[in-house]
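Heads up: the structure comes next, in structure tokens.
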Amino acid sequence: MRLFWKLFLSGLAGLLLVVLAALGPVVWTEANCGAPSGGPSPSVIAPSAPSGERPRPVITEAPWKRKLVASYVSYPEWYIVHGYEDFAAVLGDADEHAFDYLSSVTGYWTTLCGLARFAASIEQTAPEWKVTLYVIGASYGIEMLAKGAYEETIGRLTAYWRGGTKTPEDRFALEVARDYARFLQQTPWYEYPFLATLQRLWSDTPFGSDNLVRRIERRLALSLEYGVKAAYAQVLRALAGMAPADLRIRSVVRGLPPPDAAADDPHIEVVRRLPDGQVLIETPRYRAYTQIVLRLLERGRTVTEIAGNQRILVTAILPAGSFADSPVAVQLFSYPIQSRPGWRRIGLDANIPGLAATVAGVAVAGGTFEHLYDY
């Protein structure tokens, strides 16, 4: 009984440390990441339009007109999406303990801090957005720190005993990590079928006597992870249902040929044609929207406005030090990608009518344009 209580208290103390480590950055962010006194105004830091003009927006009515600041404060949630992509890529070549969980967590908060300062120079961030960013940041921190502590100890030890050949459970974990990373590109994490995944782990993954220690350990660890996420997802799914996200967005495009947009993309719905020849369109959001815009640019179209705004946050993947600011894209953040040594993800405050120039500049630098963060 005494041993049981020692183990219980040790586990409780460890959990408390993880929770404090995850919540501490919230206090630090509130204290250090507000608008800088005497900092540059939005008119100074904003990338200018290619022609130097600031046209009046076409999209001015709710729900299609959206706050400019929403593009920048939406990124931390996508940081987590990219974090899972990075984890899946690392897992493809190594075991779980090879991932740097701590730097992934600190990267979230340092990126959030910089974007919070930038957003505060534009307008005040809504309290509910800040709460959301803190909740998902703390949740991500608890998950990554707890997972890191486990994988750096027990997980590393069983991987050492196993040797270089991965077990069916290891391969199952890799398959799920890759599938989860793809899923998050377009769908909220709490919609992922964690419970069905847990059932597949036990029903579809063959169990044998080879590498028995690693196989049992992986099954128990993965069962706990998928089970906890399934329960937490149920709670988040219920809360999200109270305020469902807008899944459509409107933009203005120049150069779209009549009579419709089907030739450019079947996902584009023409709302109306404007007297100056521009076209108001409606499309899906998130990753699908990035692909739609890139296809429009490839065909020589010009996106002149998105949700009533002339600026938007975009990211690109580039070799370290290979891309500088331009008149239509100002760098806001940059951080290394664990699974691609020597490469970085950079965030740019981009002028929307100049997106074609930004995409071309990324390509010339040997990089890949990654994503537009819609509002």
## Note on the structure
Here the Kirkwood hydrodynamic radius of the chain, Cα-based and in Å, equals 22.8
### Task
Would you list which aspartates and glutamates come within 17 Å of LYS147, measuring only between C-alpha atoms, while excluding same-chain residues fewer than 8 positions from it?
GLU85, ASP86, ASP95, GLU96, ASP100, GLU169, ASP170, GLU217, GLU225
#### Entry: Under Karplus coefficients 6.51, -1.76 and 1.60, residue-wise ³J(HN,Hα) of segment 356-366 in Hz, glycine/proline x
4, 5, 5, 4, 5, x, 5, 5, 4, 6, x
### Task
Please determine, in degrees from 0 to 90 and to the nearest 10, the orientation of helix 101-120 with respect to the longest principal axis defined by the Cα atoms of the chain, where the helix direction is its Cα long axis.
30
### Task
Name the longest site-free stretch of the chain, where the excluded sites are GluC sites (Glu not before Pro) in a DSSP loop with no more than 16 other beta-carbon atoms within 10 Å.
124-375
### Query
Over all Cα pairs of segment 248-373, how is the pair count split among 10 Å bins, expressed in % and running from 0 up to the last occupied bin?
13, 44, 29, 12, 2, 0
### Query
With springs only between Cα atoms under 10 Å, which of GLN234, GLN331, GLN185 fluctuates most in a Gaussian network model of the chain?
GLN234
### Task
Could you work out the mean projected area of the convex hull around the alpha carbons of segment 46-142, in square nanometres to one decimal?
8.8
### Query
Once both axes come from the Cα atoms, what is the angle between helix 127-150 and the longest principal axis of the chain, in degrees from 0 to 90, rounded to 10?
30
### Task
Calculate, axis by axis, the spread of Cα positions in segment 156-306 along the three principal axes, and write the results as whole Å, longest axis first.
72, 37, 24
### Task
Evaluate Rg over Rh across segment 115-202, taking Cα atoms for both radii and Kirkwood's formula for Rh.
1.11
### Message
As an exercise, take the mean of 1/r over every pair of distinct alpha carbons in segment 146-195, invert it, and state the Kirkwood radius in angstroms.
### Response
12.7
### Message
Treating only the Cβ of Lys, Arg, Asp and Glu as charged (+1, +1, -1, -1), what charge dipole size does the chain show about its Cα centre? Round to the nearest 20 debye.
### Response
220
#### Entry: Per-residue HN-Hα couplings for segment 174-179 [Karplus 6.51, -1.76, 1.60; θ = phi - 60°; Hz; x = Gly/Pro]
5, 4, 5, 4, 5, 5
### Query
With no solvent and one point on each alpha carbon, what is the Debye value of log10 I(q)/I(0) for segment 70-240 at q = 0.12, 0.19 Å⁻¹?
-0.59, -1.31
### Summary
Applied in sequence order to segment 67-78, the curve 6.51 cos²θ - 1.76 cosθ + 1.60 (Karplus, θ = phi - 60°) yields integer Hz couplings, x standing for Gly and Pro, of 5, 4, 4, 4, 4, 6, 7, 7, 5, x, 5, 6
### Hits among aspartates and glutamates - C-alpha to C-alpha of LYS130 under 16 Å, sequence gap 8 or more where chains match
GLU30, GLU77
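Every read-out reported here was derived from the displayed coordinates using simple, explicitly stated rules and does not represent laboratory data. Note that the structure is a prediction, hence the values are computed from the model and not measured. Positions of Cβ are generated from backbone atoms using ideal geometry, with glycine treated the same way; all protein chains shown enter the neighbour counts.
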